[in-house]
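Comments concern the structure below.
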Amino acid sequence: MDFRQIAEIYSAYERTTLSTEIHPNDVMFNTGSSHYYTVGKSGMQAILTGLSLTWRSQVSRVLDLPCGHGRVARHLRAAFPLAEMFFSDIDHEGADFCAREFAGKAVHSAPDLTKVSLPSDLDVIWIGSLFTHLDKGRTIDWLTYLSGHLSEHGILVTTFHGYFSEKHTAFGGGADEELLRRQFHFTGFGYTPYKTYNDITDYGVSLSKPSTILDIADSIPGMRASYMERGWANNHDVLVLCKNDRLASF
Ligand SMILES: C[S@@+](CC[C@H](N)C(=O)[O-])C[C@H]1O[C@@H](n2cnc3c(N)ncnc32)[C@H](O)[C@@H]1O
């Protein structure tokens with residue numbers, strides 16, 4: 001997508017009145033209104049940056065997974081007013097809320113994402129802070145599975161805890177942060193489960209070096225990868241996987 005098209009999307013977004021409907025169970029809103037809207041908008045900006053790296057000229061189908069209760073979803077709806085949108089989360093109430101509020105379809109997720117029937121032919125898949133909570137095996141398997149749901153030149157934009165998070169973020173939830181950081185330094189990928197919140201699935205905190213994530217991206221056939229350190233809200237790293245073979249001829 002060229003800069004002129006991206007500028008048009010962004011100008012239209014800025015002229016749109018954003019939904020301020022907040023679900024009472026939206027835990028992301030606990031950080032305060034200003035932070036909530038800044039982080040949401042930054043997710044949309046990371047997607048526009050991702051699109052600028054591709055040959056895709058239109059965005060017609062978008063999946064937000066995990067959508068939570070719409071921190072980023074409301075900005076995606078404003079940026080892509082005509083797109084067919086899908087909202088998915090293991091928290092079905094969140095997915096249903098987003099589908100209702102932001103005019104889309106809910107896809108109820110499950111502990112094993114590879115067992116969830118996802119829409120195909122997606123031009124954009126936004127994955128804000130899911131792999132930041134998963135081990136390396138699921139990161140590889142789920143990225144591969146999701147990549148199979150992209151349209152040609154479609155993009156998957158997803159976030160990771162990189163060097164900045166390793167240095168500055170306190171994760172809580174009973175995660176063994178010392179072990180996590182040791183794994184990060186010695187292997188390039190750390191994961192420890194939360195002691196709380198693990199009633200439905202194996203859920204915790206991951207830390208990953210850019211080189212490890214790019215190695216994972218390298219192992220997924222038919223894709224090309226770009227990486228932005230601190231690309232989401234000046235905090236999480238961002239991987240963009242574009243469905244266009246890195247070895248495809250001109
Ligand atoms: C840190 S929140 C991020 C939510 C949203 N992307 C945002 O930025 O506000 C992580 C989300 O992952 C969801 N989640 C965890 N496991 C999941 C799974 N297997 N499938 C879909 N969503 C999942 C949780 O319910 C939660 O809403």
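Multiplying the sequence separation of Ser249 and Leu179 by 0.36 nm and subtracting their Cα-Cα distance, what value in nm do you get?
Extra length available between Ser249 and Leu179 comes to 20.8 nm.
Which of the chymotrypsin sites (Phe, Trp or Tyr not before Pro) across the stretch 1-100 are loop residues per DSSP, with 13 or fewer other Cβ within 10 Å?
Trp55
Which one, Phe184, Phe171, Phe131, has the greatest fluctuation when you compute a Gaussian network model over the chain with C-alpha springs under 10 angstrom?
Judging by the Gaussian network model, the answer is Phe171.
Treat each spin label as a single point 7 Å out from the Cα along the C-beta direction, and report the Glu14 to Ser33 distance in nm.
Once both label points are built, they end up 2.3 nm from each other.
If you place +1 on the Cβ of every Lys and Arg and -1 on the Cβ of every Asp and Glu, how big does the dipole about the Cα centre of the chain come out, in debye to the nearest 20?
The dipole of the chain has a size of about 480 debye.
Return the whole-Å distance between the Cα centroid of the stretch 168-237 and the Cα centroid of the stretch 64-120.
23
Find how much the distance from His108 to Ala7 grows on full extension, using 0.36 nm per residue of separation minus their present alpha carbon separation; answer in nm with one decimal.
Roughly 33.0 nm would be gained on extension.
Which entries of Lys41/Lys115; Lys167/Lys195; Lys115/Lys136; Lys105/Lys136; Lys115/Lys167 have Cα-Cα distances beyond 25 Å here?
In this structure, Lys41/Lys115; Lys105/Lys136; Lys115/Lys167 exceed 25 Å between Cα atoms.
Which value in Å does the Kirkwood hydrodynamic radius of the chain take, with 1/r averaged over all unlike C-alpha pairs and then inverted?
It works out to 18.2 Å.
Calculate for the chain the 222 nm mean residue ellipticity that helices alone would give, adding -39,500 (n - 2.57) per DSSP H run of length 4 or more and normalising by residue count, nearest 500 deg cm²/dmol.
So the calculated ellipticity at 222 nm is -10500 deg cm²/dmol.
What whole-number value in cubic angstrom gives the convex hull volume per residue for the C-alpha atoms of the stretch 75-135?
Cα-based convex hull of the stretch 75-135, divided per residue, equals 96 Å³.
List the relative contact order of the stretch 3-242 as a percent without decimals, with contacts defined as Cα pairs under 8 Å and 6+ residues apart.
This gives 17 percent for the stretch 3-242.
Counting DSSP beta bridges in the chain, what percent are antiparallel, to the nearest 5?
Once the DSSP bridges in the chain are tallied, antiparallel ones form about 50 percent.
Would you look at the GNM of the chain, springs on alpha carbons closer than 10 Å, and say which of Asp237, Asp202, Asp215 moves the most?
In this elastic network of the chain, the residue with the biggest mean-square fluctuation among Asp237, Asp202, Asp215 is Asp215.
Calculate the dipole size of the stretch 1-120 relative to its Cα centre from +1 charges on Lys and Arg beta carbons and -1 charges on Asp and Glu beta carbons; express the result in debye to the nearest 20.
Charge dipole, the stretch 1-120, about its Cα centre: 320 debye, nearest 20.
Ranking Cys67, Cys242 by Cβ neighbours within 10 Å, fewest first, what do you get?
With the sparsest Cβ surroundings first, the list reads Cys242, Cys67.
Read the figures in this text as sums done on the coordinates, not as results from a lab. Every value quoted in this text rests on a predicted model; they were computed, and no experiment measured them. Cβ sites come from the backbone with ideal geometry, for glycine too, and all protein chains shown count toward neighbours.
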